[in-house]
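A.B. asks: Before we start, here is the structure in question, set down as structure tokens.
The values are calculated or read from the model by the stated rules, or taken from the named source; none is laboratory data. The shown structure was predicted, so the numbers you read here are calculated from the model rather than taken from an experiment. Cβ sites come from the backbone with ideal geometry, for glycine too, and all protein chains shown count toward neighbours. Side chains included, ligands, DNA and RNA excluded: accessible areas come from the protein's heavy atoms. Shrake-Rupley method; radii C 1.70, N 1.55, O 1.52, S 1.80 Å.
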Amino acid sequence: MMLSYIELVKTIYVPLSEVHDCATDFKIEILKHPDGTFSARLFRQEYYALKPSFEAEEMIADEIVYVPDSHSIRDWPEKRYASVEQCIQHSLEALENFFH
């Protein structure tokens, strides 16, 4: 039996906070599927203030993490594309349209 997998082929960081009045940045992961098509996953940057359990003193550790966020962009492309370039273009257009 041959192992099937989805390959992460590109990660794009989109600093929307620098361009729009947006409080967060985004990350897009481009995935290659076994049939040779490409899809995109969207992640939103979040900031968390965490109190580590191992510290004796009161200390807050700020962490930046990316959380899956395809659900909040109403026109996020949930389809597959023939090329990486098409996938990136449609993903960036969806983000741009959402913030206009």
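A.B. asks: Mind checking which residues of segment 22-52 are outside any strand (DSSP E or B) and open to solvent by 50 Å² or more (accessible area, probe 1.4 Å)? Even if it seems obvious, please write down each step before you answer.
C.D. replies: First, pick out the residues of segment 22-52 that are outside any strand (DSSP E or B): 22-25, 33-37, 51-52.
Result: 23, 34, 35, 51.
A.B. asks: Taking the residues in segment 78-100 that are closer than 11 Å to residue 38 by Cα and part of a loop (DSSP other than H, G, I, E, B) as candidates, determine which candidate is most open to solvent (accessible area, probe 1.4 Å). Break it down into steps so the answer makes sense when it comes.
C.D. replies: Narrowing segment 78-100 to residues closer than 11 Å to residue 38 by Cα: 78-88.
Then drop every residue that is not part of a loop (DSSP other than H, G, I, E, B), which leaves 78-80, 82-83.
Working: 78: 145, 79: 119, 80: 124, 82: 81, 83: 32 Å².
This residue is 78.
A.B. asks: Give the residues of segment 31-45 that are hydrophobic (A, V, I, L, M, F, W, C) and touching a Cys at 6+ places or on another chain (Cβ under 9 Å), sorted by residue number. Talk me through it step by step, then tell me what you get.
C.D. replies: Here is the first cut: in segment 31-45, the residues hydrophobic (A, V, I, L, M, F, W, C) are 31, 38, 40, 42-43.
The answer is 31, 38, 40.
A.B. asks: Looking only at segment 53-66, which residues are at pLDDT below 70, surrounded by 10 or more Cβ atoms within 10 Å (Cβ to Cβ) and of a type outside the set (A, V, I, L, M)?
C.D. replies: 55, the sole residue that qualifies.
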